[in-house]
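Below is one structure, written out as C-alpha cells; comments come after it.
The values are calculated or read from the model by the stated rules, or taken from the named source; none is laboratory data. Here the structure is a predicted model, which is why all the values come from computation and not from measurement. Cβ coordinates were reconstructed from backbone atoms using ideal geometry, including for glycine residues, and neighbour counts include every protein chain displayed.
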Amino acid sequence: MTAFNNYEDFIAARVQQLRSQKNISARKMSLSIGQNEGYITQIENKQNLPSMEGFLYICRYLEITPEEFFASDNQNPEMLRKMVEDIKTLTPGQIDSLNKTISEFKIANKFKKP
C-alpha cells in the first residue's frame with residue numbers, strides 16, 4: 001500500500017481494479033448493491049467513501065473478503081482463493097509435483113527480461 005498516500009486513494013483504485021477484473025460497469029455494480037447508479041463512480045473518483053456496511057456489500061459483490069480487499073499484493077484474490085481450494089483436493093504427491101513446477105516457474109522468471 002506504500003504507493004498510495006492515503007486510504008481514499010487506495011480504496012478508489014482497488015475498487016476500480018477489482019471491478020474491472022470482473023468486467024462489470026460501475027453503474028451495474030452500484031445498482032446491484034442497492035445504491036444509486038453513480039455510487040461506485042463516486043468512490044472510484046474519490047468523491048465518496050463507502051460506509052462500513054457499503055464496504056461489506058462491495059466485498060460480497062466482488063466475492064472477496066475484506067482482508068483480500070486490502071491485500072494489494074494479491075492482484076486477483078478470487079483466482080488465488082480458487083487455486084487454494086483446488087490444491088486442497090490434491091494428493092500429497094500431486095502437491096509435491098505442483099511445488100516442483102512452481103519452483104521451476106520461479107527460476108525461469110528470474111531469467112526473463114523485465
Checklist entry - Do any residues in the range 1-28 that are at pLDDT below 95 have Cβ atoms under 6 Å from those of residues that are not in a helix (DSSP H, G or I), where the two are at least six apart or on different chains, and which pairs are they? => result 1/72; 8/46; 10/1; 10/4
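Looking at the range 5-52, which of its residues are assigned to a loop (DSSP other than H, G, I, E, B), more than 23 Å from residue 75 (Cβ to Cβ) and not hydroxyl-bearing (Ser, Thr, Tyr)? Steps first, answer last, please.
Residues of the range 5-52 that are assigned to a loop (DSSP other than H, G, I, E, B), as a first pass: 5-6, 22-25, 33-38, 45-51.
Those left that are additionally more than 23 Å from residue 75 (Cβ to Cβ): 34-38, 47-48, 51.
If the condition is that a residue be assigned to a loop (DSSP other than H, G, I, E, B), more than 23 Å from residue 75 (Cβ to Cβ) and not hydroxyl-bearing (Ser, Thr, Tyr), then 34, 35, 36, 37, 38, 47, 48 are the ones that fit.
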Checklist outcome for this item: Contact list, first residue from the range 80-101 and under 27 Å from residue 21 (Cβ atoms), second anywhere and assigned to a loop (DSSP other than H, G, I, E, B) and of a type in the set (S, T, N, Q), beta-carbon distance below 8 Å, six or more apart or interchain, is 80/74
Checklist entry - Restricting the search to the range 40-53, which residues are in contact with a helix residue (DSSP H, G or I) (Cβ under 8 Å, 6 or more places away or on another chain) and surrounded by 15 or more Cβ atoms within 10 Å (Cβ to Cβ)? => result 40, 41, 43, 44, 48, 50
Item to check | Unmet criterion (only one of (1) under 22 Å from the mean Cα position of the chain (by Cα); (2) part of a loop (DSSP other than H, G, I, E, B)) for residue 90 | outcome: (1)
